[in-house]
Amino acid sequence: MSALRLGRVADDAFRGSVAPITDLPQAARELVAELRRCGPAALPAGERLTGGFLHDVRRVTLADGSQVVVKRIGRRSEASGESRFRLGESVARAALSSSVPAVPAYFIEAGDPILRIGDTELLIYPNIPGTVLSTAEHAVDPGLCLRAGELLSRIHRMRLPRRPFVAAGETALWDTTVDVPWARLIRALRRRAGSRLTAVDAALLTHWSEAYAAVLPRLSRRVSVGHGDLAPRNVIVHEQGDAIIDWEHAGLTEPWTELAVLALDWSSDPGGQVRGPAFLAAVHGYVRNGSVGPPDADALVGRAGRLLAWSLYNAQLALRDTTGPHLQRVETTVQLLHVQAESMVELTEWFIQAS
């Protein structure tokens, strides 16, 4: 699909929903029964899908020729437990009820989306055919960025449940990393994992940690329901509409920080450089759709706080597993923090201007 055609499809698609909540299809029920009889080995190999840092996600063809997407929940994060996924799926269903085009998992039985087979936990989703957006091809399109901002605003305006809304595994803002010994951590990564990070990178991480700790009290005054990872890779666009997938991190959020994360994710090219018109479009799409008050530019520092937490998480994994992708993720994230530091004056001006 050409970029121009995709833009036209997205212009209409971001208004509707293509993932109604339905019962588990009969062929999927048969697969569930087979898995319960024979164990996880009965799951067809399927087609591995892109994305997913912690979990194995595959498109599986069922006995009747139809397809579903099966996510095997990983075990490398405390945030990957059953309560985390139940919360995310409950937010996805609430979003769909609020006319947000969410794709929740099927209920397996008794309102539970999780299928447990021994030590394996699975989620089964409708298969949504279409184009998964990517920063390499589509995300720098201001039209798509505008729609992404609008979608996020609609999610944030969802009402909180009447009972206390307790996030399982994550909070509205990620914890400060001001006490992390970044210099020592980077030396350990160089010695044990062959990292290319230097003392300059450690100084940058220390700077951002101090900046984030300073703004955290102010950012913590606001809270709403959020998606948690509304990046281009989690939006599918096709002829009938759009679909927001991967609600694993949904729950409480600080809305301006999630807006800053979205604006930078959607407006950055593959090298991490931010395209001004696309950034402005993302923020403007959010603000024009009914946000309350001007966005707080401190949220840009909040975005850096999320990147710090992600860097720390992967650095700790890299020290335990030098063969995995964790070190590369640390180095990529540190590069994003460098880009943000170099462009903070401009980003702040854009953030305020778009409001």
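The values are calculated or read from the model by the stated rules, or taken from the named source; none is laboratory data. Since the structure is predicted, the reported quantities are computational estimates derived from the model, not experimental observations. Positions of Cβ are backbone-derived with ideal geometry, glycine not excepted, and every protein chain shown enters the neighbour counts. Note: areas computed on protein heavy atoms with side chains; ligands, DNA, RNA excluded. Shrake-Rupley method; radii C 1.70, N 1.55, O 1.52, S 1.80 Å.
Assuming 0.36 nm per residue, please report the length gained on full extension of the stretch Asn289 to Ala214 beyond their Cα-Cα distance.
24.0 nm
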Under 18 Å from the Val345 label point (7 Å along Cα→beta-carbon), backbone N, region 245-275: 274
Full-stretch length increase - Thr171, Gln316 - with 0.36 nm per residue and alpha-carbon distance subtracted: 50.2 nm
Exposed-site-free run, longest, the chain (rule: chymotrypsin sites (Phe, Trp or Tyr not before Pro); DSSP loop; at most 16 other C-beta within 10 Å): 166-355
The chain: calculated mean residue ellipticity at 222 nm from DSSP helix runs of at least 4, using -39500 (n - 2.57): -15000 deg cm²/dmol
Estimated FRET transfer efficiency when R0 is 30 angstrom, pair Gln328-Ala203 (beta carbons, to 0.05): 0.90
Tilt relative to the chain, helix 182-193 - C-alpha long axis, 0 to 90 degrees, to 10: 60
Value of relative contact order over the chain, rounded to a whole percent, pairs C-alpha under 8 Å and six or more apart: 21
Extent along principal axes [Cα atoms of region 82-142; Å; largest to smallest]: 44, 28, 21
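Using a 1.4 Å probe on the protein chains only, how many percent of the accessible area of the chain belongs to carbon and sulfur?
The nonpolar share, carbon plus sulfur, comes to 51 percent.
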Neighbour count of at most 15 Cβ within 10 Å plus DSSP loop: longest GluC sites (Glu not before Pro)-free window in the chain: 1-136
Contour minus Cα-Cα distance for Asp112 and Ala27 (0.36 nm per residue): 28.8 nm
Mean separation of Cα contacts under 8 Å (6+ apart) over length of region 202-298, as relative contact order %: 23
